[in-house]
Amino acid sequence: MLPTEQQLQDKHDLSRTTVRQALRELEVEGLVTRYRGRGTFVAEPKVIHNPRLSLTDYLHQMGMTPGWQVIDAEWISAPPEVAERLVIPPETDAFRLRRLRLADGDPIGYHVAFVSPEFSDAIDLESLNQGGSLRYLRKGNELSESLADRFLEAVGASDEEAEHLGVEEGDPLLLIRRLVVSRDKRHIEDFRGVYRGDRFQYQISNLPSVQPLNG
């Protein structure tokens with residue numbers, strides 16, 4: 001934790017405006033994280049995800065321990081918007097999986113995924129705490145040659161998301177929506193994941209040896 005603004009002013013004989021501007025610039029550069037009511041802290045290194053390399057593999061490369069915390073895994077009536085995306089009748093039961101994505105034991109992402117009942121045989125309940133985000137659907141051959149659409153958006157943390165990720169309500173999150181479709185165009189999974197804006201970076205590149213940007 002860094003000293004307070006007042007402490008920095010007094011120690012270095014600086015104006016309030018100068019201190020605030022300096023802290024703001026450090027925050028923009030990703031070097032510090034500021035929490036309302038808690039103070040300013042040296043920022044944790046950002047986790048970088050590139051679709052070419054699974055997040056699990058990236059964390060291993062960075063010397064970090066990947067992990068999952070399962071919140072619940074159950075069959076529930078699919079919400080209307082989920083039923084529409086999965087192309088199933090309204091109020092049809094779908095498999096819902098809610099998990100926290102962990103890096104060295106700290107939550108960096110909150111996932112909510114729904115699986116169409118047509119693909120119930122693909123669900124491997126013993127793999128909910130293993131591998132990448134789609135590892136739990138590896139039973140059989142349903143994911144072979146499947147395709148995924150992904151959408152990225154910046155959002156503010158809801159009360160539920162803030163509680164799970166240990167941030168303040170309204171803090172910036174990166175939202176990733178994913179729809180997995182089989183090779184014969186049947187909809188398999190509707191996924192919604194949010195990641196901490198201060199801990200996560202999504203990289204998209206077609207360059208073979210591009211280096212990820214930090215901060």
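The values are calculated or read from the model by the stated rules, or taken from the named source; none is laboratory data. Computed from a prediction, not measured in an experiment: that's the story for all the values here. All Cβ positions, glycine included, derive from the backbone under ideal geometry; neighbour counts span all protein chains shown.
Numbers at a glance
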item	result
Extreme residue, nearest to P107 (Cα to Cα), among residues of the stretch 33-63 that are surrounded by 11 or more Cβ atoms within 10 Å (Cβ to Cβ) and at pLDDT 80 or above	F41
Contacts under 8 angstrom Cβ, first residue in the stretch 59-77 being farther than 15 Å from G132 by Cβ, partner at pLDDT 95 or above and among the acidic types (D, E), 6 or more apart	W75/D93; I76/D93; S77/D93
Single match in L86, L31, L102 (criterion: aliphatic (A, V, I, L, M), under 21 Å from the mean Cα position of the chain (by Cα) and in the same structural domain as Y195 (by TED's automatic domain parsing))	L102
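Let's see how each residue does on (1) in contact with a Leu (Cβ under 8 Å, 6 or more places away or on another chain); (2) at pLDDT below 95; (3) hydrophobic (A, V, I, L, M, F, W, C):
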| site | (1), (2), (3) |
| --- | --- |
| N129 | no, yes, no |
| R138 | no, yes, no |
| S146 | no, yes, no |
| E161 | yes, no, no |
| L174 | yes, yes, yes |
| E189 | yes, no, no |
| R199 | no, yes, no |
| N206 | no, yes, no |
| L213 | no, yes, yes |
